[in-house]
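Q: Below are the structure tokens for one structure; questions will follow.
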């Protein structure tokens, strides 16, 4: 008897429907074979499924079992096909009614005792099932809340193979998983901006970065608060929209880094990899491509502390994702594309000893050492950073002051207003959500300077010989400053402030 079950495989951030065809025949000696380009984990499903069926008090057929995973040209990976294969064998053997799986998709890994284990990528799998017209999905019970984030599809949490058999046979019913309510939240952070003493101009720069999702580089001696302020940055970022939260959760689901008690990522990611990270760890890749840190920071912050200590090749691979907001990983078997729309926040010392330009301590580095150290960051990468901030040492009077500054909540309120202005501005353009994402067409339309601003920008370009990329980034940053000031037009004061955040070259 031939049975057909539907399952799903995860490719990049999407799913591909897989037909699990099972044929049971008496025409030869009993054995089981899996075809359809399975990897080793799928091949081993035979043993897991056999033991799971027998330990669930069901009979494994003494027949030739042929299992085909279609389409055959797509490589099948991982143990997530265990449960559909087991159900297909029971269906082909006549143990389960043939009409019990209409409009259904099944996913899950089996233990030898028949219990169903967690699988990665349940959110994109459920989304794919809904888009493909399926009305119900059977998923591991531990992943049911994640699947329930997708509306208008019935989610059945399966804890054991036996319970699924009883449900499909009409002996007992699996209770439907309730739909998850999606809410927007701001994370609790250890440091509020009000607790950071001094550094008002750095706080202003970080506020601009949060308002327009601009890239930031902080340069200063050790101990001046660069890392502290970077880690406090999430407290002034706007809450994730519903669509953004689902996008981020999809990435974490595929990377299998979604916390078991948190089916939905509700706050913007903050990723801070160590400087020993490899290209693959940062950008993604591997024989079977997986998301890297830049994709895990999608719609959030990628913080690179000790910026020059990262390998030069590692830093240079950031250039394309910073421009395109996606990263494409190509292999002989094909290409996958992961989103990488993140805000880069970097911190570095001005020299190897860290004291260059510090009025309180003498620098022990030679001029050549300082130049070599600073040149570890290439010019093209520097061009892609909108806001360059010098972080000086804070004097004792400010450190010991009992006066507190603006709270993160107050700053975040201004950021939210600026982001709402941008949402309204780009509401007809799904590809752009904030100022930093503007392309030349949007820059020409929305970044118009008044007469004084135009003259100011022209003089700056002539004097400092900025590249075309820097010119566009200056316009985008000026637009963000104008949004924070509630100005419809970019005035010369906005351009002047934007220019203060650029490293200058007069030679």
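Taken together, the values in this text are just the output of simple stated rules run on the coordinates, not laboratory data. This one's a predicted model, so the numbers in the text were calculated from it and none came from an experiment. Neighbour counts run over all protein chains shown; Cβ positions are idealised from the backbone, glycine included.
Q: Starting with the highest mean, order 486-492, 147-153, 299-305, 159-165 by the number of other Cβ atoms within 10 Å, averaged over the residues of each peptide.
A: Highest mean packing first, the order is 299-305, 159-165, 147-153, 486-492.
Q: For a quick check: sort 197, 63 by the number of other beta carbons within 10 angstrom, fewest at the front.
A: 197, 63
Q: Roughly what % antiparallel, to the nearest 5, for the DSSP beta bridges in region 14-90?
A: Percentage antiparallel, nearest 5: 55.
Q: Residues of region 290-310 with amide nitrogen under 18 Å from the 7 Å Cα-to-Cβ point of residue 41?
A: In region 290-310, the label zone of residue 41 (backbone N under 18 Å from the point 7 Å along Cα→Cβ) covers 290-292.
Q: While we're on this one: Roughly what % of DSSP beta bridges within the chain run antiparallel, to the nearest 5?
A: 50 percent
Q: How large is the convex hull of the Cα atoms of region 2-168 per residue, expressed in Å³ as a whole number?
A: For region 2-168, the hull spanned by Cα atoms encloses 97 Å³ per residue.
Q: Taking Rh as the Kirkwood radius, which is the inverse of the mean 1/r over Cα pairs, what is the Rg/Rh value for region 441-488?
A: 0.96
Q: Same structure, new question: Using every Cα-Cα pair within region 193-428, state what percent have a distance larger than 29 Å.
A: Looking at region 193-428, the distances longer than 29 Å represent 33 percent of pairs.
Q: When you count, for each residue, the other Cβ atoms within 10 Å and take the mean per peptide, how do 306-313, 229-236, 496-503 rank with the highest first?
A: 229-236, 496-503, 306-313
Q: Return the tail of the calculated pair distribution for region 166-307, meaning the percent of Cα-Cα pairs more than 17 Å apart.
A: Result: 68 percent of Cα pairs exceed 17 Å.
Q: For region 361-507, report the translational diffusion coefficient in µm²/s to the nearest whole number, using Stokes-Einstein at 37 °C, 0.692 mPa s, and a Kirkwood Rh over Cα pairs.
A: Approximately 184 µm²/s, per Stokes-Einstein.
Q: Now for a separate question. Mind checking the full-extension length gain between residue 26 and residue 103? Use 0.36 nm per residue of separation minus the Cα-Cα distance, one decimal, nm.
A: Fully extending the segment from residue 26 to residue 103 adds 24.8 nm.
Q: Follow-up question, since we're still on this one. Taking the Cα centroid of region 234-301 and of region 385-427, what is the distance between the two, rounded to the nearest whole Å?
A: So the two Cα centres are separated by 24 Å.
Q: May I pose another question? Determine the distance separating the Cα centre of region 15-36 from the Cα centre of region 339-367; give it in Å without decimals.
A: Each part reduced to its Cα centre gives a spacing of 61 Å.
Q: Could you check the simple spin-label distance between residue 376 and residue 319, using points 7 Å along Cα→Cβ, in nm with one decimal?
A: So the label points at residue 376 and residue 319 sit 1.9 nm apart.
Q: Computed FRET efficiency, Cβ-Cβ of residue 462 and residue 496, R0 25 Å: what is it to the nearest 0.05?
A: Efficiency at R0 = 25 Å is approximately 0.95.
Q: Which order results if 31, 252 are arranged by neighbouring Cβ count within 10 Å, fewest first?
A: If I rank by nearby Cβ atoms, fewest first, I get 31, 252.
Q: OK, next. Across the chain, what fraction of all alpha-carbon pairs, as a whole percent, falls in each successive 10 Å bin from zero upward?
A: Once binned at 10 Å, the Cα pair distances of the chain give 4, 17, 23, 20, 14, 11, 7, 3, 0, 0.
Q: Take region 4-58, drop everything but the C-alpha atoms, weight them equally and run the Debye formula without solvent; then report log10 I(q)/I(0) at 0.21 Å⁻¹ to two decimals.
A: Each listed q corresponds, in turn, to -1.04.
Q: Stretch residue 154-residue 19 to full length: gain in nm at 0.36 nm per residue minus the Cα-Cα span?
A: 46.6 nm
Q: Pull out the extension gain between residue 399 and residue 57, defined as 0.36 nm times the separation in residues minus the alpha carbon to alpha carbon distance; nm, one decimal.
A: The span from residue 399 to residue 57 would gain 116.1 nm if fully extended.
Q: Can you tell me, using C-alpha contacts under 8 Å and at least 6 residues apart, the relative contact order of the chain as a whole percent?
A: Once divided by the residue count of the chain, the mean separation gives 13 percent.
Q: Follow-up. Within 10 Å, count the other beta carbons around each residue, average over each peptide in 474-481, 257-264, and list them highest first.
A: Top of the packing list down: 474-481, 257-264.
Q: A follow-up question, please. With each run of n ≥ 4 DSSP H residues scored as -39500 (n - 2.57), what mean residue ellipticity at 222 nm is computed for the chain after dividing by its residue count and rounding to the nearest 500 deg cm²/dmol?
A: One gets -10000 deg cm²/dmol as the mean residue ellipticity at 222 nm.
Q: Another question about this same structure. What whole number of Å gives the distance from the Cα centroid of region 55-121 to the Cα centroid of region 468-497?
A: One Cα centre to the other: 58 Å.
Q: Say each of residue 95 and residue 181 gets a label point 7 Å from the Cα, pointing the same way as Cα to Cβ; how far apart are those two points in nm?
A: 4.1 nm
Q: Quick one: if the Förster radius is 35 Å, what FRET efficiency do residue 369 and residue 455 give, using the C-beta to C-beta distance and rounding to 0.05?
A: In this case the efficiency is close to 0.30.
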